[in-house]
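Notes follow the structure.
The values are calculated or read from the model by the stated rules, or taken from the named source; none is laboratory data. Please read these numbers as outputs of a predicted model, since none were measured by experiment. FYI the Cβ positions are ideal-geometry reconstructions off the backbone, even for glycines, and counts take in every protein chain you see.
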Amino acid sequence: MTDASALKALEPLKIPTVADTVFEELHQQILSLELAPGTKVSEVEVAKAFGVSRQPVRDAFFRLSQLGFLSIRPQRATVITKISEAAVLRARFVRTALELACLRAALEVISDDDIKDLDVLLKDQQAAVTAGERQLFHRLDDDFHRRLCAISGHEYVWSLIREQKAHMDRVRFLSLASGAQIALDDHIDIIAAIRDGKKELAEARLTTHLGRIQTILGKIRSENPDHFEE
């Protein structure tokens with residue numbers, strides 16, 4: 001008979017709720033600008049489109065508003081927020097500080113297997129760039145940074161970063177039309193420095209990589225003025 005005390009405890013499985021599904025779909029549509037900044041949305045219309053009740057839509061709307069994607073005002077239309085330059089720059093500052101701290105911690109414990117896993121991810125990113133799959137590359141880009149946080153032992157930090165970067169993400173997505181290969185090359189350079197044990201160089205390359213958003217912000221705004229706050 002199996003000794004119950006020898007069994008490993010399993011983490012409870014998180015089963016997505018209807019609200020989770022609605023949130024993820026709307027999040028992706030806003031991020032990819034299928035739902036453009038300034039677009040009005042209503043609980044009734046979204047509930048009808050998804051074939052669900054209004055409650056999960058209301059929950060999803062609240063979560064999106066907490067990320068900065070929706071402006072919900074009583075007695076007025078709910079609107080997809082326009083991109084705020086100030087919010088993008090705040091997010092860059094917060095993200096750089098947190099990710100550099102995670103990178104420093106990761107550099108102390110990263111294994112050869114971790115680097116091999118990251119190399120596989122870089123190959124997947126190259127395939128997405130070659131195929132012109134912007135949405136897929138964006139997800140894989142996030143996965144690269146999340147994994148560095150996880151390797152450091154502080155994966156929870158990625159949740160804090162995600163809460164800050166809604167406005168930044170839309171600028172990043174717009175930039176991928178021409179800048180996906182640049183982002184991938186940055187990732188390759190970061191991993192090369194990590195593999196060679198060059199800690200200061202890895203930190204410098206991550207700082208440069210995350211700082212590119214400030215460099216391209218003006219160009220993205222000039223090309224998409226209607227997407228930004230005045």
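Out of the residues in the range 51-72 that are within 23 Å of the chain's Cα centre (by Cα) and among the β-branched types (Val, Ile, Thr), which is nearest to GLN29 (Cα to Cα)? Working first, answer last.
From the range 51-72, those within 23 Å of the chain's Cα centre (by Cα) are 56-72; that's our starting set.
Among the residues that remain, those that are also among the β-branched types (Val, Ile, Thr) are: 57, 72.
Working: VAL57: 15, ILE72: 18 Å.
If we take residues in the range 51-72 being within 23 Å of the chain's Cα centre (by Cα) and among the β-branched types (Val, Ile, Thr), then VAL57 is nearest to GLN29 (Cα to Cα).
Name the single residue that is modelled with the lowest pLDDT among those in the range 68-86 being surrounded by 18 or more Cβ atoms within 10 Å (Cβ to Cβ) and in contact with a His (Cβ under 8 Å, 6 or more places away or on another chain).
Residues of the range 68-86 that are surrounded by 18 or more Cβ atoms within 10 Å (Cβ to Cβ), as a first pass: 68-70, 80-81, 83.
Imposing the further condition that a residue be in contact with a His (Cβ under 8 Å, 6 or more places away or on another chain) reduces the set to 68-69, 81, 83.
Working: GLY68: 89, PHE69: 93, THR81: 95, ILE83: 95.
Top of the filtered list is GLY68.
Please go through the range 21-63 and give me each residue that is outside any helix (DSSP H, G or I) and either hydrophobic (A, V, I, L, M, F, W, C) or closer than 15 Å to ARG73 by Cα (or both), ordered by number.
Applying the first criterion (outside any helix (DSSP H, G or I)) to the range 21-63 yields 32-42, 51-53.
Listed by number, the residues that qualify are LEU33, LEU35, ALA36, GLY38, THR39, LYS40, VAL41, SER42, VAL52.
Return the residues of the range 103-152 that are surrounded by 15 or more Cβ atoms within 10 Å (Cβ to Cβ), farther than 17 Å from ARG205 by Cβ and among the polar types (S, T, N, Q); say none if nothing qualifies.
Passing the criteria: only GLN126.
Quick one: LYS8 ticks every box in (1) surrounded by fewer than 18 Cβ atoms within 10 Å (Cβ to Cβ); (2) at pLDDT 90 or above; (3) not aromatic (Phe, Trp, Tyr) except a single one, so which number is it?
(2)
Going through the range 159-190 one residue at a time, which ones are more than 17 Å from the chain's Cα centre (by Cα) and either among the hydroxyl-bearing types (Ser, Thr, Tyr) or buried (at least 20 other Cβ atoms within 10 Å of the Cβ) (or both)?
SER178, ILE190
Step by step: first the residues of the range 44-63, then only those that are without any contact (Cβ under 8 Å) to a residue 12 or more places away in the chain and among the hydrophobic types (A, V, I, L, M, F, W, C), then the one that is farthest from PRO16 (Cα to Cα). Which residue is that?
The extreme case among them is VAL44.
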